[in-house]
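> Here it is: the structure, laid out below.
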Amino acid sequence: MHSTSRRETRPLRPRLGRMRIATLLCAVAACTAPEVTRFDALGLQVHMHAIGDRAARAGLDAVAAARARNGPSDNRHHIAHLQLIDAADVPRFAALDVTANFQSLWAYPDTWIKEINLPVVGHERVERMYPIGSVHRAGGRLVGGSDWSVSSVDPLEAIETAVRRADAVGTGQEVLNEAERVDLATKIGEVRVLLTLLDGEVVYEAEP
């Protein structure tokens, strides 16, 4: 949300200062569903970016349309960033078998969130940002992304932020909604490679 280009399910507050709010849905929802349905039918994994909760819903709606048209498949479609997800959409990640690709390094109250996001979306929505714990508890599949070179590629910093919801490398101890924390076992302790796909072909599968 730092660029103020995102799509929300509820109106935003007027922005104070020199930045103007731009609520442009970069991929129009009416076009997203047919394209995702077409790519899904071709056996392609679709990777979408969504910052606001309306954009996240548009991505989920597109996958729902693909599943309805093409039936279930092993195409593990991703939605990345997910700074905000409407509570009603959290269980849809598991239901639709959509991967929630969080940049968990961002899940702490940095100056961007406090000085840019908070005046625009308000405290209640800030406290719902990066709902990693909620998606996990609802049975959704989590993966970690760095968004490098925008931010650090170090996975240990991202893991620590997901566990603590506080700055992993600085001295700040402020926490962004501790209810969205995940334990270390969720992020790394129980992780093992179950399946590796390359160009749609299984090249490795762990023994049961």
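The values are calculated or read from the model by the stated rules, or taken from the named source; none is laboratory data. It should be emphasised that the depicted structure is a prediction, and the values quoted were computed from it without experimental measurement. Don't worry about glycine lacking a Cβ; one is built from the backbone with ideal geometry, like all the others, and counts go over all protein chains shown.
> Just checking, does region 156-168 include any residue being modelled with pLDDT under 90 and farther than 18 Å from A80 by Cβ?
Within region 156-168, one or more residues are modelled with pLDDT under 90 and farther than 18 Å from A80 by Cβ.
> I'm checking my understanding of the structure. Among residues of region 127-149 that are aliphatic (A, V, I, L, M) and within 16 Å of A50 (Cα to Cα), which one is surrounded by the fewest Cβ atoms within 10 Å (Cβ to Cβ)?
V143
> Has region 75-90 got at least one residue that is more than 20 Å from E180 (Cβ to Cβ), touching a residue at least 60 places away in the same chain (Cβ under 8 Å) and assigned to a loop (DSSP other than H, G, I, E, B)?
Yes, region 75-90 contains at least one residue that is more than 20 Å from E180 (Cβ to Cβ), touching a residue at least 60 places away in the same chain (Cβ under 8 Å) and assigned to a loop (DSSP other than H, G, I, E, B).
> Of the residues Y108, Y130, which is at pLDDT 95 or above and over 12 Å from the mean Cα position of the chain (by Cα)?
Of the residues listed, the single one that is at pLDDT 95 or above and over 12 Å from the mean Cα position of the chain (by Cα) is Y108.
> Give me the pairs: first residue in region 104-117 and among the hydroxyl-bearing types (S, T, Y), second residue surrounded by fewer than 21 Cβ atoms within 10 Å (Cβ to Cβ) and part of a loop (DSSP other than H, G, I, E, B), beta-carbon distance under 7 Å, and six or more apart or on different chains, which are they?
Y108/A166; Y108/D167
> Residues that are out of contact with any Ser or Thr (no Cβ under 9 Å at 6 or more places or on another chain): which strands (runs of 3 or more DSSP E) entirely in region 99-208 hold 3 or more of them?
Fully inside region 99-208 and qualifying: 99-102, 195-198.
> Out of the residues in region 65-122 that are of a type in the set (F, W, Y) and touching a strand residue (DSSP E or B) at 6+ places or on another chain (Cβ under 9 Å), which is nearest to G144 (Cα to Cα)?
Selected residue: F102.
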